[in-house]
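J.: The structure's right below; bear with me while I get my questions together.
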Amino acid sequence: MFALTGVASGKLYPMQRKYSSRMLILAAVAGVVAGGALPWRQLGELSLTAAAQAQPAPANDGKLRVIVFGAHPDDPEYQSAGVAMKWARAGHHVKLVAATNGDIGHWGMAGGPLAKRRHEEVLEVARRLGVTNEVLDIHDGEIMPTLENRRIFNRLIRQWNADIVITNRPNDYHPDHRYTSILVQDSAYMVGVPFFGTDTPPLKRNPVFLYAPDRFQRPNPFRPDIAVSIDDVLDPMLDALLVMESQIHEGGADGNASLYPANDPAAREKRRAQVRQQLAGRYASYAERFREALVKNYGEAQGRAVRHAQAFELCEYGRQPSYDELKKMFTF
Ligand SMILES: [Zn+2]
């Protein structure tokens with residue numbers, strides 16, 4: 001089986017990679033059978049599947065149901081962490097979905113061991129944020145906007161009975177990001193169509209679809225329709241995100257061994273401080289970029305005082321709420 005620490009490195013042969021999905025499911029099943037004796041037993045608590053097995057919908061308790069789609073196990077986390085934590089603390093239901101299993105997202109390891117490691121990382125992030133998550137077992141770098149995947153996305157949104165769906169915009173450097181966004185867009189109408197995807201009841205009310213920010217300018221730059229402060233959750237949110245060492249400390253597919261050297265405690269400490277500052281800086285830059293939207297939301301004095309923020313753009317597909325309704329959705 002796998003090294004439990006998930007630090008196995010080295011490239012895998014194609015045959016090993018081919019079987020990574022099945023091995024992961026076996027690992028998940030083994031985790032359940034072991035009855036909690038293993039540190040990775042949590043794998044069994046969430047589905048890791050390309051078929052999006054039925055998960056119970058959150059309670060119909062008048063709280064919001066939010067689902068966030070990102071391409072890899074870290075994208076929905078970055079896109080939503082602060083607001084997800086605030087929603088969760090207010091009793092709303094949030095689910096983060098990675099559309100691929102992230103099995104090539106590292107410079108020194110790949111295949112099943114990497115997918116397992118990344119799944120464990122995002123499980124812990126979700127636990128700390130207070131949200132649910134799911135990682136689809138589609139290979140990293142290989143998701144396509146197919147009819148099969150449209151059905152999977154449609155089913156996930158319906159099962160969550162979502163009020164709000166969040167993803168990245170389709171203008172993006174990474175093909176997985178682009179196609180994940182397209183698949184969400186393709187669901188923006190179909191989730192209400194009764195005779196599409198008839199294994200799950202259609203939604204009676206179309207969700208609001210939102211995009212997280214990026215810096216791409218063509219064909220059109222990101223335009224914030226709502227911006228909110230995350231100052232009150234910044235530290236626990238960073239603590240949660242920084243669990244993803246494979247992506248943040250070690251640099252993911254663009255990293256190298258010297259970034260977070262295994263046997264150099266001082267260098268590791270320095271790296272930890274550096275990545276924390278960088279991550280905080282990302283959300284600080286949003287507060288500067290989206291200052292006018294913050295002032296619109298909170299008024300002049302409070303809006304100017306926000307130091308870390310998240311912002312979202314309303315997708316033209318899906319339900320079109322008024323500004324007041326949108327603002328209410330972000331009242332935590
Ligand atoms: Zn990504």
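The values are calculated or read from the model by the stated rules, or taken from the named source; none is laboratory data. Just so it is clear, the structure is predicted and the values come from calculations on it, not from any experiment. Virtual Cβ from ideal backbone geometry, glycine too; neighbours counted across all protein chains shown.
J.: Just one of Val165, Val193 is within 19 Å of Ala311 (Cα to Cα), at pLDDT 95 or above and not basic (Lys, Arg); which is it?
T.: Testing whether each residue is within 19 Å of Ala311 (Cα to Cα), at pLDDT 95 or above and not basic (Lys, Arg) leaves just Val165.
J.: Something else about it: Here are Ala98, Ala84: which of them is of a type in the set (Gly, Ala, Ser), within 16 Å of the ligand (Cβ to nearest atom) and touching a strand residue (DSSP E or B) at 6+ places or on another chain (Cβ under 7 Å)?
T.: The conditions single out Ala98.
J.: When region 276-319 is examined, which residues are found to be surrounded by fewer than 20 Cβ atoms within 10 Å (Cβ to Cβ), within 30 Å of Glu245 (Cβ to Cβ) and not hydroxyl-bearing (Ser, Thr, Tyr)?
T.: Of everything in region 276-319, those that are surrounded by fewer than 20 Cβ atoms within 10 Å (Cβ to Cβ), within 30 Å of Glu245 (Cβ to Cβ) and not hydroxyl-bearing (Ser, Thr, Tyr) turn out to be Arg276, Gln277, Gln278, Leu279, Ala280, Gly281, Arg282, Ala284, Glu288, Arg289, Arg307.
J.: Quick one: which of Tyr298, Tyr286 is in contact with a Pro (Cβ under 7 Å, 6 or more places away or on another chain) and over 19 Å from Val208 (Cβ atoms)?
T.: Tyr286
J.: Assuming Leu48 fulfils every condition listed in (1) away from the ligand (no atom under 16 Å from the Cβ); (2) modelled with pLDDT of 95 or more apart from one, which condition is it?
T.: With respect to (1) away from the ligand (no atom under 16 Å from the Cβ); (2) modelled with pLDDT of 95 or more, Leu48 is out only on (2).
J.: Further question: Of these, Glu120, Glu77, which one is touching a residue at least 24 places away in the same chain (Cβ under 8 Å) and within 16 Å of the ligand (Cβ to nearest atom)?
T.: Matching residue, one of Glu120, Glu77: Glu77.
J.: Of all residues in region 89-114, which are in a helix (DSSP H, G or I) and in contact with a helix residue (DSSP H, G or I) (Cβ under 6 Å, 6 or more places away or on another chain)?
T.: Scanning region 89-114 gives Gly111, Gly112.
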